[in-house]
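Everything on this sheet refers to the single structure shown next.
The values are calculated or read from the model by the stated rules, or taken from the named source; none is laboratory data. Remember, it's a predicted structure, so these values are computed and weren't measured experimentally. Cβ atoms come from the backbone with ideal geometry, glycine included; neighbour counts cover every protein chain shown. Side chains are part of the model used for accessible areas, which takes the heavy atoms of the whole protein and leaves out ligands, DNA and RNA. Shrake-Rupley method; radii C 1.70, N 1.55, O 1.52, S 1.80 Å.
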Amino acid sequence: MTQVRQAVAETREVLTPAAAADIASLPRQKVKLVDPPFVHEHEQVATGGPKVVEFEMTIGEKKITLDDSGATYWASTFNGTVPGPLMVVHEGDYVELTLINPETNELMHNIDFHSATGALGGGGLTQVNPGEKCVLRFKATKPGVFVYHCAPPGMVAFHVVSGMNGAIMVLPREGLKGPEGEAVTYDKVYYVGEQDFYVPRDEAGNWKSYDTPGESYEDVVAVMRSLTPTHVVFNGAVGALTGDNAMKAKVGETVAFVHSQANRDTRPHLIGGHGNYVWATGKFNNPPERGLETWFIPGGTAGLMVYTFEQPGVYAYVNHNLIEAFELGAAAHVVVEGNWNDDLMKQVLAPSPIGSGV
């Protein structure tokens, strides 16, 4: 706790009266966050100078269903979703977050922005108990996509694997650039938050259920310490991004995929497509890689992939640890509309008896 108090004091000293006066003169923009995989409207290239971008998030503790086997989990959430919403600002903007912990919750929460500088990423300034709120402001000085997550003293891992994490994208003011300096733009963007869950079982092997998050704590921690998740899912549940919930695109559209994993390493892969531009560790001061089949995102990191769809159909977007994709749930679909291009792929001979010809 001494280190936390010291970090808080150092951070407060940084904001001098002169700096506060400068910030007060900046324009302000209130942004209404939207639920993943969707992302709020934003400019890809900034117009005008820096501004203060205002966000508000309410912390929710809620029981969620992870799959059709009946597995449930007490999730801690930012704005009621796993992952929390994706925030988008530009380099040089100020992020001003109002964080609300309703009195109906049981636990203390906070937020650690990997994109912020000082005070444990803001975690030392945002410890809100039930019935409290706080306002945190930080300057977005590092361009890239970054994880944010809850990090209360002594319970960091429990809150992160309870779903309390999300991502923020800090775009360069001039927009994204490829390795040769070419502009990289997108027609739409989706946010995929990968989450590992650790659901306890009883002696008979059945999923256990709890009345409160506090009641589940001891058993969940025991499963966590095995380092073996029971579920690895996209956006909070098995099937959250398949079927009627699949992401949508059209042939010729360029789609950006932000992918975060706050706790474990992952390796996204688009079956039937490629990463035209990939910032695997999500930092835009570094040039993107081109034409990747699979990319590696270390735990505690967010990455960005940009791809222009060339064929219609259903694409599977997976963690290419295929055990985690097809056995534990880390899979999504992208349904793409458009006309088929035989030059890119054609079934020359349909399955036929051996000996038949073309």
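When you check R173 against the structure, is it under 25 Å from S115 (Cα atoms), open to solvent by 10 Å² or more (accessible area, probe 1.4 Å) and of a type in the set (D, E, K, R), yes or no?
Judged against the criteria, R173 is a match.
Of the residues that make up the range 324-342, is at least one open to solvent by 20 Å² or more (accessible area, probe 1.4 Å), of a type in the set (D, E, K, R) and in contact with a Ser or Thr (Cβ under 6 Å, 6 or more places away or on another chain)?
No, because not a single residue in the range 324-342 is open to solvent by 20 Å² or more (accessible area, probe 1.4 Å), of a type in the set (D, E, K, R) and in contact with a Ser or Thr (Cβ under 6 Å, 6 or more places away or on another chain).
Among the residues of the range 70-99, write down those that are surrounded by fewer than 19 Cβ atoms within 10 Å (Cβ to Cβ) and either among the hydrophobic types (A, V, I, L, M, F, W, C) or in a loop (DSSP other than H, G, I, E, B) (or both).
G70, G80, G92
Only one of these conditions is not met by G291: (1) touching a residue at least 40 places away in the same chain (Cβ under 8 Å); (2) not hydroxyl-bearing (S, T, Y); (3) not in a helix (DSSP H, G or I). Which number is it?
Condition not satisfied by G291: (1).
Which pairs do you get when a residue that is touching a residue at least 60 places away in the same chain (Cβ under 8 Å), found in the range 130-146, comes within reach of a residue that is of a type in the set (S, T, N, Q) and assigned to a strand (DSSP E or B), reach meaning Cβ atoms under 9 angstrom, with the pair 6+ apart or on two chains?
V145/S260; V145/T301; F146/S260; F146/T301
Are there any pairs with C-beta distances below 6 angstrom linking a residue in the range 199-219 that is surrounded by 15 or more Cβ atoms within 10 Å (Cβ to Cβ) to a residue that is in a helix (DSSP H, G or I), with the two at least 6 apart or on different chains, and if so which?
P200/D219; P200/V223; Y210/S216
Can you tell which of V306, V258 is more than 26 Å from T230 (Cβ to Cβ) and either hydrophobic (A, V, I, L, M, F, W, C) or part of a strand (DSSP E or B) (or both)?
None of the others qualify; the one that does is V306.
Can you tell me which residue among E56, E103 is part of a strand (DSSP E or B) and either open to solvent by less than 30 Å² (accessible area, probe 1.4 Å) or touching a residue at least 24 places away in the same chain (Cβ under 8 Å) (or both)?
One residue alone meets the criteria, E56.
Can you tell me which residue among A75, A116 is in contact with a helix residue (DSSP H, G or I) (Cβ under 6 Å, 6 or more places away or on another chain) and closer than 22 Å to V258 by Cβ?
Just a single option satisfies the conditions, and that option is A116.
Looking at P153 and the list (1) touching a residue at least 60 places away in the same chain (Cβ under 8 Å); (2) in a helix (DSSP H, G or I); (3) not polar (S, T, N, Q), which single condition is not satisfied?
With respect to (1) touching a residue at least 60 places away in the same chain (Cβ under 8 Å); (2) in a helix (DSSP H, G or I); (3) not polar (S, T, N, Q), P153 is out only on (2).
Quick one: in the range 301-315, which of the residues that are open to solvent by less than 20 Å² (accessible area, probe 1.4 Å) and among the small types (G, A, S) is nearest to A116 (Cα to Cα)?
Among them, the one singled out is A302.
From the list N276, N285, pick out the single residue that is open to solvent by 60 Å² or more (accessible area, probe 1.4 Å), among the polar types (S, T, N, Q), modelled with pLDDT of 95 or more and in contact with a Lys or Arg (Cβ under 9 Å, 6 or more places away or on another chain).
On inspection, the qualifying residue turns out to be N285.
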